[in-house]
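Contents: one structure, followed by commentary.
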Amino acid sequence: MDDRPFARVLAELGAELRPLLEFVTRSRYSERMGDPAICDFVFGNPHEMPLQGITDALQRWAEPENKDWFAYKNNEEPARAAVAASLRQALDLPFEPDDVFLTPGTFGALSVALRTVCDPGDEVIYLSPPWFFYGPMIRVAGAVPVRVDVAPPAFDLDPATIAAAITPRTRAIIVNSPNNPGGRVYSREDLEGVARVLADASERNGRAIYLLSDESYRRILFDDRTFTSPAAVYPNTIVMYTYGKTLLAPGERVGYLALAPSMPSREALRDPVFLAQIVGGWQFPNATLQYAIPELEELSVDVGALQRRRDRLVGSLREFGYDVIEPEGTFYIPVRSPVSNDYEFVELLGARDVFVLAGAIFELPGWFRLSVTANDDMVERSLPHFEAALKEASA
């Protein structure tokens, strides 16, 4: 047996993530991905041309202005200042540029945050159903993932359930709002309940429990909803953000980690965060993307178009007889599978060239998930197939 602990962790993660890996590499979907004839609702990928503003910004900043233009870059000051200003305006909190750390999206920000605050054996709570990489990333950081269920259809935060999961080894909790896959936007009252639990447990344990706030979809809100960051109610919050969702350009890996202005230890954490960026594999966006951040801050995908697709899909699927959760934000719609084995129903849809993500992949068996980043033509072409597949499954 291999006695290298990290090798064992990777082997275990390979088994844990095998359904996802096989779906994206050895499935009917992997063979048809990118084919314009299919209806692709699987991931938050674009199915229309990118925003022209992204192209303009990248082209403008790709032209070097000095010999160091493409030299090593870490956290460039103009980008940090632009992010801090944006956070001050959006969240009404006095973020400082020195507390902003540029990362390759939320993926990189979460990796850096876990390396910064966790020692081997520390426990990190995550809410399930989750983004499917939370658990594996916690384990790779040497910590122990602790699952707390938030049940559909409401996906409510239950402070009592979170409190019951906390032990003396608890070091952090990941909260994702708006939530992927549920689409829930947590209210200030929801977050205040969690904050009270974390503050009490931190005092009892004699060390801070950090709240890692995944705000990737913070700007993807429907029906004129407002967003409250946990940083507004809990001082030991680390905000994580990616521009990939707002721009619908997930391949451009750029985002940030920001320490809440009220965090008592934020100055002491600045150097550890920077070191975690370096030793974690140079977790900084490339130079061109950093230069472009002030302009990228001003851009957004058409949220109204996403909401219109949400409404079309939710209304039609409910009319056909599906049990559908209407998301308050994000790209995603959770739908209950009409048969208990969601993989079977996903295959049934795939045979009709309609591709969705099975709920079992993100710890929600018996459901599947649709992405409203599919274009309008895909939405309309898919509806007869959703209706026919439901009838076939019912028969």
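The values are calculated or read from the model by the stated rules, or taken from the named source; none is laboratory data. Since the model is a prediction, treat every value here as computed from it, not as a measurement. Backbone-built Cβ (ideal geometry, glycine too); neighbour counts: all protein chains shown.
Looking at region 314-328, can you tell me whether even one residue there is over 24 Å from Thr226 (Cα atoms), in a helix (DSSP H, G or I) and of a type in the set (D, E, K, R)? Scanning region 314-328 turns up at least one residue that is over 24 Å from Thr226 (Cα atoms), in a helix (DSSP H, G or I) and of a type in the set (D, E, K, R). Looking across region 1-14, the residues that are in a loop (DSSP other than H, G, I, E, B) and either modelled with pLDDT of 85 or more or not aliphatic (A, V, I, L, M) (or both) come down to Asp2, Asp3, Arg4. Of the helices (runs of 4 or more DSSP H) entirely within region 15-83, those holding at least 3 residues that are assigned by TED's automatic domain parsing to the domain that holds Gly255 and either farther than 26 Å from Leu257 by Cβ or not charged (D, E, K, R) (or both) occupy 52-61.
For region 184-227, the candidate set comprises residues that are of a type in the set (Gly, Ala, Ser) and out of contact with any strand residue (DSSP E or B) (no Cβ under 6 Å at 6 or more places or on another chain); within that set, the residue that is farthest from Leu248 (Cα to Cα) is Gly206.
Output the residue which, of all residues in region 69-119 that are among the small types (Gly, Ala, Ser) and touching a Ser or Thr at 6+ places or on another chain (Cβ under 6 Å), is surrounded by the most Cβ atoms within 10 Å (Cβ to Cβ). Here the answer is Ala109. Can you tell me which residue within region 282-318, out of those that are surrounded by fewer than 21 Cβ atoms within 10 Å (Cβ to Cβ) and of a type in the set (Ser, Thr, Tyr), is nearest to Asn75 (Cα to Cα)? Only one residue tops the list, namely Thr288. In region 290-317, the residues that are within 26 Å of Gly182 (Cβ to Cβ) and assigned by TED's automatic domain parsing to the domain that holds His385 form Cβ pairs under 6 Å with partners that are among the acidic types (Asp, Glu) and crowded, with 16+ Cβ neighbours inside 10 Å, at six or more places apart or across chains, as follows: Val314/Glu326. Output yes when any residue across region 207-215 is at pLDDT 95 or above, out of contact with any Cys (no Cβ under 6 Å at 6 or more places or on another chain) and more than 20 Å from Arg115 (Cβ to Cβ), and no when none is. No, there is no match, as no residue in region 207-215 is at pLDDT 95 or above, out of contact with any Cys (no Cβ under 6 Å at 6 or more places or on another chain) and more than 20 Å from Arg115 (Cβ to Cβ).
Report whether or not Gly121 is within 19 Å of the chain's Cα centre (by Cα) and small (Gly, Ala, Ser). Spelling it out, it is not the case that Gly121 is within 19 Å of the chain's Cα centre (by Cα) and small (Gly, Ala, Ser).
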